[in-house]
1. Under 14 Å from the Cβ of Gly250, count the other residues' Cβ atoms, weight Lys and Arg +1, Asp and Glu -1, and hand me the total.
2. Helix 172-192 against the longest principal axis of the chain: what's the angle in degrees, Cα atoms only, rounded to the nearest 10?
3. For the range 327-337, what does the Karplus curve 6.51 cos²θ - 1.76 cosθ + 1.60, with θ = phi - 60°, yield as ³J(HN,Hα) per residue in whole Hz, taken in order and with x for Gly and Pro?
4. Nearest 0.05, what FRET efficiency do Val133 and Arg274 give at R0 = 56 Å with Cβ-Cβ as r?
5. Per the Kirkwood treatment, what hydrodynamic radius in Å, one decimal, follows for the range 2-353 from the mean inverse distance over all distinct Cα pairs?
6. May I ask you to evaluate 6.51 cos²θ - 1.76 cosθ + 1.60, the Karplus curve with θ = phi - 60°, for each residue of the range 131-137 and list the ³J(HN,Hα) values in order in whole Hz, giving x for glycine and proline?
7. Starting from the Cα-Cα distance between Thr235 and Ser118, subtract it from 0.36 nm times their residue separation and give me the gain in nm to one decimal.
8. To the nearest 500 deg cm²/dmol, what mean residue ellipticity at 222 nm is calculated for the chain from DSSP H runs of n ≥ 4 alone, each contributing -39,500 (n - 2.57), summed and divided by the residues?
Amino acid sequence: MMLLLIALAHSRMLHAGGLSFTAPAGGGPIDVAVQWLLTSLVDGRSAPLFGLLFGYGLVQLTRRHSGPDGDPARARRLIRRRGVWLIVFGAAHVILLYSGDVIGAYGVFAVALAGAVSWSGRRLWSVAVVALVFGVVVHAVIQVAAGQSVPLPVGATVVDSALLRAAALPILPIAALSMVPSVLIGIWAGRMRVLEQPDRYRSLLRRTVLLGFPVAVLGAQPVALQAVGVWTPGTPGVGVFALALFAATGIAGGLAFAAAIALVATRIGERRGRVTTALVACGRRSMTFYLAQSPVWWVATEPSLLDLGGALGAAAAAGVAIATWVVTVVIADVMERRGRRGPAEALLRHLTYRERTRRPVPTRP
């Protein structure tokens, strides 16, 4: 389900609002309603869910290699090695297809903060709060500096576009900083086994849903109302505050989505139908099908190809996102039935876990 939210967030490249959260996309009443809904519930709210699950996964990886006979130091080395390869994957993704990659940013986090999995709970939350404040300020400054017009990173030719996207690579560390709070909370949740033992934490999950969604939606309104052309900040300071509030409350939406999905999964239990089974198959190959969405945006936005950047209404753009996601779920289901792993996951696992081969030392006669 996270991949659906990601696809919907990326769909803004196809409507007139573009990459600016506050720019109206125009269109009819349905387009306006769709843009308001996505700005309130998806934009800036889906990425924290991604970060939460990434942090949770780091704990699971560490636990597998730090059991009674495990080696915590080896686990940290694996996290850093995996992070290095994630940076490589992310850089290639940016240059070849999509400038808004998050894989490389998570790689930066894994390399720089592999030891965070062993931090105390107090330290996790303290650093998360500090990083959230700093990240909110950076996000607001970038959006204000960009203004209403944030051009897509596309050029006259495919090569020109790749060069423009390559120029965005230095932003990876900044993107990693913005994801630190959600990843650290994911580490805390992983250590508590919140998603693995939802019955034990049912009350916490319910409170997170009941509090998280209202906070995320209300916090998004100063930006969402600008996005639909209903309100305009009276002063630059008010505009900065609106963007800061939007960024700060986004993490509440990510937590609420995670909690809601956990509660639904608990209710479903082992009663899995075709749809649930297909969703699980897609989730097991999430990196592969996150990357698989990018060719769609690449073909759709390249001026030398379909050149649909900013050409669709918000509703039509969302429709393209949903259709793209549905196709990936169907392909994942087919792969699951044939026993095939996701190629991106398989390659990352091979690169992470392979042991360096040593040349045999010749013995003297």
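Where a number appears in this text, it was derived from the coordinates with a stated rule and is not lab data. Keep in mind the model is a prediction, meaning the values are calculated, not measured. Positions of Cβ are backbone-derived with ideal geometry, glycine not excepted, and every protein chain shown enters the neighbour counts.
1. Around Gly250, the charge tally is 0.
2. Between the helix axis and the principal axis of the chain, the angle is about 60 degrees.
3. Those phi angles translate into 4, 5, 5, 5, 5, 4, 4, 4, 4, 5, 5 Hz.
4. 0.80
5. 20.9 Å
6. Karplus-based 3J(HN,Hα) across the range 131-137 equals 5, 5, 4, 5, x, 4, 4 Hz.
7. On the way: separation 117, 0.36 × 117 = 42.12 nm, distance 4.47 nm.
Fully extending the segment from Thr235 to Ser118 adds 37.7 nm.
8. Values: 14 runs with 253 residues, N = 365.
Using -39500 (n - 2.57) per qualifying helix, the result is -23500 deg cm²/dmol.
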